[in-house]
Amino acid sequence: MTHSTVEPTPASATPEGGHLLELRDLHVEFRTNEGVAQVINGVSYHLDAGETLAVLGESGSGKSVTAQAIMGILDTPPAFVRSGQILYRGQDLLTQSEEQRRQVRGQEIAMIFQDALSALNPVFPVGWQIGETLRQRAGMSRADARRRAIELMDLVKIPGAAKRIGDYPHQFSGGMRQRVMIAMALALEPKVLIADEPTTALDVTVQAQIMDLLADLRRELNMAMILITHDLGVVAGVADRIAVMYAGRIVEHADVRSLYKAPAHPYTKGLLESIPRLDVRGQELSTIKGLPPNLMHIPSGCPFHPRCPYVQQVCVDVVPHDLVLGDGRTSACHFAQEVRDDSAH
Amino acid sequence: MFRYILRRLLQMVLAFFGTTLIVYALTFAGQGDPIQALAGERPVTPAQRAYLTEKYHLDATGVGGFFYRYVDYVKNLLQGNLGESLTGRNIGDILQQAWPVTVRLALIALAVAIIFGVSAGVIAGIRRASIFDNSTLVLTLLVLGIPTIVLAPLAQFFLGVKWQLFPPTAGSDPTFYALLLPGIVLGSLSLATALRLTRASVAENLRADYVRTARSKGLVKRRIVIVHVLRNSLIPVVTFLGVELGNLMSGAIITEGVFNIPGVGFNLFRGIRTEDGPLVVGIVSVLVVVYLVSNLVVDVLYAVLDPRIRYE
């Protein structure tokens, strides 16, 4: 097993010592009847106050599992955190008691989910569900919680909030439902908001509205945000930095501009090239050949080597370490320099 | 909602006439000579025959005569007159005596199903694959596998006769204690089904996305289970129990027969055995109404419990 070595560089340095949130070499496995799947294999990333980190990857790359590990809401069994640290304000959450971790949830780190229809409880009105957090966690009275719930629904721009507070989740449109979800996550004014594919279940036009809302709220409330997505288009306008995940590892980590300009990992390069371009007619869409690996049998060496156009013998034999490329960029590829130079021209 | 209930009530009227017609036909259409059936082995004098023919409108024959008598029967029924049994007793009076006993028995059975079935189901659902879960699974399988016609005499013999923990039979005007064992026997089937249904529903809801959301809100586990999971899990269970109460209220022929309880099922059974057509039709007509009403109540209750259900 390899150890990632993300070195702090000027671009990602923290204002006052440690990062707000930092993952160190996190390993999570799923123990199932068919065997053990290594879902997270040494993920390290960090988040500073007020910034937005996008975690990018296809389904099964481990981006949501990482987020659930941070929240402490993994379903155990089958999921087990095998090793690593999750530092929040310097405290390792993984060594804390369940009660301490519960206090962190919602209050310090909050999360919104992909499908708001199933993520909201179908039998309670939305106002009740937003207010529940306030009543249970902040000790508010029923009336105060109701008033605050209306304010929160106004904040996320739900029209006629006061009238809609008694409505049930199924009575809202997809976009409005996701706004309810956001209002609920913001109830206790968390410092970190984890948005797990917040727009995947929505229409394209609504996607843009929700992303704008999230970006505005993040700025207004001075939160830090982890934006989990598989959609490169969503990331560009909102994120400061991007971490690209593949087979439970971070394969590339860079600021948005330089990553789009010159990806330094063949996987990222493949992802960017598979976006259709409007300015080229009659193009054939390029794809990444093959399928993501089975997490019970991750390929030797670099897990991406069976799909990689740059593959050499060393990729099959040796697990690549994070190569530091300067400007806070890293790439877990033996040929990171070549790939970047290739992409640049 | 109001329009839905109104439409359902209209449907109920149709269902009522349909079912009573079928029951009436099944009971009387096949009879050879109803007057001789009434008299049994004894000879019937011409005067008696003329009187009875007039009384039961037997002068009209064929399909026309059948509908003539059916309409006549329904007319009386709508005036609250269920007629007389072949033994000359007023069927309304019979039901008035039998019904309270059956209702008490049904409520005991339902209470048994709720207290033991639902709570054990909740525990089994939360602790899936535990010893408790597995043993309830085996026990419910056992109960579901044994028909009441076997279970009732077994319980009566061991608990009533051999170990004398309960009165073996109830008799007329039974006490609560005398109805307890029959109630448990009658409720055991509902208990087993309720347990399985609750277990499956709780286990499924524990994995639901909204539970993950509730956890991410930082709620304590007890609240997540009691408020969020149970509220959702019990929707199908309440529906089942509602339908089940309708079933139980319409009498338990076997249980009431074995334990000699003078309830609705007992009287119905006697009516069938002695070929007492008017008694059978009278009781079944009332049972149809009970069943239809309890089903409507369940449907309305379902909409109240689950806001996603809207009847148009």
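Each reported figure results from applying straightforward, stated rules to the coordinates on display, with no laboratory input. Values in this document were obtained by computation on a predicted structure and should not be read as measured data. In this analysis, Cβ positions are derived from the backbone assuming ideal geometry, glycine residues included, and neighbour counts consider all displayed protein chains.
The table that follows gives values for the structure above.
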read-out	value
Computed P(r) (all Cα pairs; the protein assembly as shown; 20 Å bins; percent)	15, 34, 25, 17, 8, 1
Helix A:174-185 vs. chain A, principal-axis angle (Cα, 0 to 90°, nearest 10)	80
Hits among lysines - C-alpha to C-alpha of residue B:217 under 17 Å, sequence gap 8 or more where chains match	A:191
Chain B shape via C-alpha gyration tensor axes, a/c threshold 1.5	oblate
Segments B:285-293, B:226-234, A:163-171 sorted - mean Cβ within 10 Å per residue, highest first	B:226-234, B:285-293, A:163-171
Inter-chain Cβ neighbour average for residues B:215-226, partner chain, 10 Å	6
Spin-label model distance (nm) - residue B:57 vs residue B:226, 7 Å beyond Cα toward Cβ	6.1
Gain on full stretching of the segment that runs from residue A:142 to residue A:82 - 0.36 nm per residue minus C-alpha separation	17.5 nm
Where labels lie 7 Å past Cα in the beta-carbon direction, separation of residue A:275 and residue B:75 in nm	8.5
Förster radius 45 Å - calculated FRET efficiency between residue A:208 and residue A:294, Cβ distance, rounded to 0.05	0.80
Share of alpha-carbon pairs per 5 Å distance bin for the stretch A:115-189, given as whole %	3, 20, 33, 26, 14, 3, 0
Relative contact order for chain A, counting Cα pairs under 8 Å that sit 6 or more residues apart, in percent	21
Burial ranking of peptide ranges A:225-237, A:305-317 (average Cβ count within 10 Å, highest at the top)	A:225-237, A:305-317
Peptide ranges A:33-41, A:186-194 listed from the most packed, as the mean C-beta count within 10 angstrom indicates	A:186-194, A:33-41
Nitroxide proxy distance, nm - points 7 Å out along Cα→Cβ at residue A:162 and residue A:103	3.7
Cα centroid separation, the stretch A:156-194 to the stretch A:235-252 (Å)	27
FRET efficiency, residue B:17 to residue A:231 (Cβ-Cβ, R0 56 Å, nearest 0.05)	0.40
Exposure proxy order (Cβ contacts within 10 Å, fewest to most) of B:253, A:86	B:253, A:86
Chain B, relative contact order [Cα under 8 Å, separation at least 6], %	25
Neighbouring partner chain Cβ atoms per residue of B:90-103, average, 10 Å criterion	0
Rh by Kirkwood over Cα pairs, then Stokes-Einstein D for the stretch B:172-281 at 1.567 mPa s and 4 °C, µm²/s	77
Contact order relative to length of the stretch A:104-215, as percent, for alpha carbon pairs under 8 angstrom and 6 or more apart	43
Residue-averaged [θ]222 nm for chain A, counting only DSSP H segments that reach four residues, each worth -39500 (n - 2.57)	-9000 deg cm²/dmol
Alpha carbon centroid spacing (whole Å) that separates the stretch A:268-303 from the stretch B:128-143	49
Kyte-Doolittle mean at least -0.5 and Cα axial length at least 20 Å: DSSP H helices in chain B	B:2-28, B:62-78, B:91-112, B:131-145, B:176-206, B:230-249, B:277-305
R0 of 51 Å, Cβ-Cβ distance residue B:169-residue A:316: FRET efficiency to nearest 0.05	0.05
For chain A, diffusion coefficient by Stokes-Einstein and Kirkwood Rh (Cα), 37 °C, 0.692 mPa s, µm²/s	155
Stretch gain in nm, segment residue B:48-residue B:154, where the contour uses 0.36 nm per residue and the Cα spacing is subtracted	33.4 nm
10 Å Cβ neighbours from other chains, averaged over peptide A:109-122	4
